[in-house]
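In what follows, a single structure is set out as structure tokens and then discussed.
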Amino acid sequence: MVGGLILQECLERGDVGRVTVLVRRTLGITHPKLREVIHSDFTHFEPDSDFLRDQQVAYFCIGVYTGTVDRERFRQITVDYPRFFAEALLAASGPQLAFCLLSGQGADRSEKSRIAFAKDKGIAENHLLGLGFERVHLFRPGFIYPVTPRAEPNFSYRLMRWLYPNFLSKVYPNIGLTSVQLAAVMTEVGLRGGSLDTYENRDLRQHPRATSEAPI
């Protein structure tokens, strides 16, 4: 949802010369700037992989809904995937690379939360902050309203898709933001820098790129 929007914006921007995307299966799109790499195991990267070299900005947007996989699998996707990817990028492209992680509201960097989502997101954030990149940006949105229609994973998400534009965004504006707003802010901060290491939902909504995108 968010990674696809970031990819689209990067391909359209004049200040981006090349985009490498790691996917399990082909996206089915072609573009002069785009290099698509099919990669099946996100816990393993060959140290001499040429697609990891000479990168300047990385966006990590892989995630999984709570309850859709077992506990161990959830931790692997949330903690191990960004860890191994970041370590491989650091070795191949150096610490000057800017790493942007799509985290989540409530991420607990004390790593003591009893909520798996909060604890694992906190572990992932801590690991990235300790690697030595010159820039790490952590994005913690609340509810992400999917502007592009999609098949929602369960009833709760179907309900939120109706409640957010019709009620919640008006009564509790800081409860979330749209997928387009989030992708716009992440793209801009990654490419141009930002004043914060951690962007909470309120920070994301107040960013100029978010306010320039029409809210729901």
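The values are calculated or read from the model by the stated rules, or taken from the named source; none is laboratory data. From a predicted model like this one, the values you see are computed outputs, not experimental measurements. Using ideal geometry, Cβ is built from the backbone for each residue, glycine included, and neighbour counts are taken over all protein chains shown.
At a glance:
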| item | result |
| --- | --- |
| Top-ranked residue of the range 62-92 - restricted to ones that are within 19 Å of residue 3 (Cβ to Cβ) and in contact with a Lys or Arg (Cβ under 9 Å, 6 or more places away or on another chain), ranked as modelled with the lowest pLDDT | 64 |
| Matching residues, the range 9-26, being without any contact (Cβ under 8 Å) to a residue 24 or more places away in the chain and closer than 17 Å to residue 60 by Cβ | 19, 21, 23, 24 |
| Single unsatisfied condition, residue 211 versus (1) in a helix (DSSP H, G or I); (2) surrounded by 14 or more Cβ atoms within 10 Å (Cβ to Cβ); (3) modelled with pLDDT of 75 or more; (4) touching a helix residue (DSSP H, G or I) at 6+ places or on another chain (Cβ under 8 Å) | (2) |
| Search result, residues across the range 14-40 that are closer than 17 Å to residue 50 by Cβ, not charged (D, E, K, R) and not in a strand (DSSP E or B) | 17, 39 |
| Subset of the range 15-34 (residues that are surrounded by 12 or more Cβ atoms within 10 Å (Cβ to Cβ) and either over 16 Å from residue 4 (Cβ atoms) or of a type in the set (Phe, Trp, Tyr) (or both)) | 18 |
| Residues (under 19 Å from the mean Cα position of the chain (by Cα) and under 24 Å from residue 95 (Cβ atoms)) located in the range 36-53 | 37, 39, 42, 43, 52 |
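Residue-by-condition table, conditions (1) within 13 Å of the chain's Cα centre (by Cα); (2) among the hydrophobic types (A, V, I, L, M, F, W, C); (3) at pLDDT below 95:
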{"residue": "97", "(1), (2), (3)": "no, yes, no"}
{"residue": "109", "(1), (2), (3)": "no, no, no"}
{"residue": "135", "(1), (2), (3)": "no, no, no"}
{"residue": "139", "(1), (2), (3)": "yes, yes, no"}
{"residue": "149", "(1), (2), (3)": "no, no, yes"}
{"residue": "154", "(1), (2), (3)": "no, no, yes"}
{"residue": "158", "(1), (2), (3)": "no, no, yes"}
{"residue": "169", "(1), (2), (3)": "no, no, yes"}
{"residue": "176", "(1), (2), (3)": "no, no, yes"}
